[in-house]
1. Roughly how many debye, to the nearest 20, is the charge dipole of the range 108-250 about its Cα centre, given +1 on each Lys and Arg Cβ, -1 on each Asp and Glu Cβ, and no other charges?
2. What length, rounded to one decimal in nm, is gained on full extension from Asn210 through to Gln121, with 0.36 nm per residue of separation minus their alpha-carbon distance?
3. I need the per residue convex hull volume for the range 78-209, using only the alpha carbons, in cubic angstrom as a whole number.
4. Could you work out the pair-distance distribution P(r) of the range 139-258 from its alpha-carbon pairs, with 5 angstrom bin width and percents rounded to whole numbers?
5. Run the reach check for Lys116 against aspartates and glutamates, Cα to Cα strictly under 13 Å, same-chain hits fewer than 8 apart removed. What comes back?
6. Accessible area per residue of the range 190-300 at 1.4 Å probe, in Å²?
Amino acid sequence: MNRTIIDRTKHIVKKGFPFLLSPFRLFPFRLFPFSFFYLFLFFPFLVACEKDIPIDYHDVDKLYVAEASVTQEGTLVRLSMTQNVNDNSREHYVEQAVVVVSIPRYALADTLKYTKRGYYQSSVAGVAGETYDMDIYVDGRHFHSSSVMQQPPQVTSLRFVWQKVLSERMLLADLRLQDTPDENSYYFMHIYRNNIGYRWAVMSDDKNKNGELQQLFQCTTKRDMDKGDEDALREGDKIRMEVRAIDRAAYDYLYSMQVMDNAGTNPIENFTGGCLGYFSAYHIVTFERTFHIADIEEDD
């Protein structure tokens, strides 16, 4: 999902009525007192005005935010706190939490070690089909979430294509996956451009279960690429694609994030106890390439 953040701290309001700039021309045969009256009556509307409208932001209680994962490589949690709009400090990570990952089936648990900048780590690696619990204890509060590790995703191809959309030539990233057979499967896909998040999406296999799945990412138009728009891909950009096989709970959370602008709501809760963010046990596949304009294909 690609979001655009608009700064609404100030609004500039301009109003003008050019068709009323000269009441004497509108009423050329009126006597002067009547013309003067119209000038006085319409004067507030005769000039454009410019006004700053300040937005009064109220401070709210800070909330904890957890980004937690178990992958085939280990367990990682980042714990931070929300900040008010007028808070310009950058250090909002949480250092004094107790973070525990556990496997209920075996009654095994491991306390993550704090490293730096709100990150907690463990060597516990995920195994497909296993359920993992994540528990966070901080400031007398307890947050809990659970996730099931999925089978590794099977990526078949990634290509960039030109596609005609009305009068525009649109550049699309075309990702193909082979669905995991005989399972309800969900995927999270994230494109990074020069190590910065560029496009992401979530997808379920309900439209072609057990078959090939396709995800298209709208990148830019040919016109924006030609004029050097900062959001357009450029020759030599380093592209990294991450594909995660996730469970239904993680899919529901990420999908709610993807549509929240249109829905006018916040993402659904994934942690109990009032913690923002989500926990996901997933297999991840990553591959990289350099973007070359000459490699873009024409879509049939």
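1. Numbers: 20 positive and 22 negative charges, 117 e Å.
With Lys and Arg at +1 and Asp and Glu at -1, about 560 debye.
2. Values: separation 89, 0.36 × 89 = 32.04 nm, distance 3.49 nm.
Taking 0.36 nm per residue and subtracting the Cα distance, the gain is 28.6 nm.
3. Values: hull volume 27.1 nm³, N = 132.
About 205 Å³ per residue, rounded to a whole number.
4. 2, 10, 18, 19, 17, 13, 10, 6, 3, 2, 1, 0
5. Glu91, Glu95
6. On the way: 6050 Å² over 111 residues.
Value for the range 190-300: 55 Å² per residue.
The values are calculated or read from the model by the stated rules, or taken from the named source; none is laboratory data. None of the values given here were measured: they were computed from a predicted structure. Glycine gets a Cβ as well: all are built from the backbone with ideal geometry, and neighbour counts include every protein chain shown. Note: accessible area is taken over every heavy atom of the protein model, side chains too, but ligands, DNA and RNA are not part of it. Shrake-Rupley method; radii C 1.70, N 1.55, O 1.52, S 1.80 Å.
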